[in-house]
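Report on the following structure.
The values are calculated or read from the model by the stated rules, or taken from the named source; none is laboratory data. The shown structure was predicted, so the numbers you read here are calculated from the model rather than taken from an experiment. All Cβ positions, glycine included, derive from the backbone under ideal geometry; neighbour counts span all protein chains shown.
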């Protein structure tokens, strides 16, 4: 579709919801600008690079149920941005491992953040851009960075940041969305990235962990397709949300020591030898998992061209985030059409 130079949309947040919306709006002819405070897109679909190593230290995988999202997965696979993951997977309960059969797991390739990279192709993406205020005057939106720089002249605005960041940003312009965000629950998570020269001989590539200790998930990152650094055995270890909440203010070094100690305990339970890692680093996710707070996939005030989307509205899965962004794009396009028709007297 031909780009509509008079239809300019700003999206705050380059995670899956924002990227999905941006792609859909571009298809409908909008000129889209995506702003994100991070160094790279993807939000919690994140991949950390350390020299030749890659770690998916946020979202671990995704599934596809909705037919529209299955079509998107097929497009990702065709573009080389996703592939099926076939790990040995199961549940580890108090040191006893029970395998399970899963054939519905997908990952981004060569990293989880490549899902967002693919969706954002062709859009004006501005990273390292933290928006601290938004304003709507004379039918146009202005976004102000922490640095004081303004981004001006947008007809519509979509906000896809985590709920705790929505509330202060929109409390005056969209009180309903602000209050909904205020009541949302987003749980934290500590993630630990480990690399070993010698393989850790655990009986699985991915496992939920139940029982004593802070760890709730283990994954051999190097078992995923198209990962680099496979000459080393790379693992992602994630703590449960309750432990992460209680220990959210640990330093990264302190969290690394505690989670590495528990990983060593689990390996001992499973009679797996563990050597000193050649790389160990923790990452704190303050807003890791969303608990949905509404039955709708997005919220919109069509009169001022303002929408809100994200997995905290639609459900804490990659598919839900993508569907939320798609719904927001459709709502903004409908609001735009209504405004154009009203101006033309249709």
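Listing for the model above:
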read-out: Residue match in the stretch 170-181 (condition: touching a strand residue (DSSP E or B) at 6+ places or on another chain (Cβ under 6 Å), within 29 Å of residue 247 (Cβ to Cβ) and surrounded by 20 or more Cβ atoms within 10 Å (Cβ to Cβ)); value: no
read-out: Scope the stretch 9-38; condition within 14 Å of the chain's Cα centre (by Cα) and either farther than 27 Å from residue 153 by Cβ or surrounded by fewer than 21 Cβ atoms within 10 Å (Cβ to Cβ) (or both); matching residues; value: 37, 38
read-out: Selection status of residue 161, assigned to a strand (DSSP E or B) and under 30 Å from residue 72 (Cα atoms); value: no
read-out: Among the candidates 225, 188, 199, residue that is surrounded by 15 or more Cβ atoms within 10 Å (Cβ to Cβ) and either touching a strand residue (DSSP E or B) at 6+ places or on another chain (Cβ under 8 Å) or not in a loop (DSSP other than H, G, I, E, B) (or both); value: 188
read-out: Whichever residue in the stretch 203-212 is under 26 Å from the mean Cα position of the chain (by Cα) and assigned to a loop (DSSP other than H, G, I, E, B) and, among such residues, is surrounded by the fewest Cβ atoms within 10 Å (Cβ to Cβ); value: 205
read-out: Test: residue 125 is in the same structural domain as residue 37 (by TED's automatic domain parsing), surrounded by 12 or more Cβ atoms within 10 Å (Cβ to Cβ) and touching a helix residue (DSSP H, G or I) at 6+ places or on another chain (Cβ under 7 Å); value: no
read-out: Where residue 286 falls short, out of the listed (1) under 24 Å from the mean Cα position of the chain (by Cα); (2) in the same structural domain as residue 159 (by TED's automatic domain parsing); value: (2)
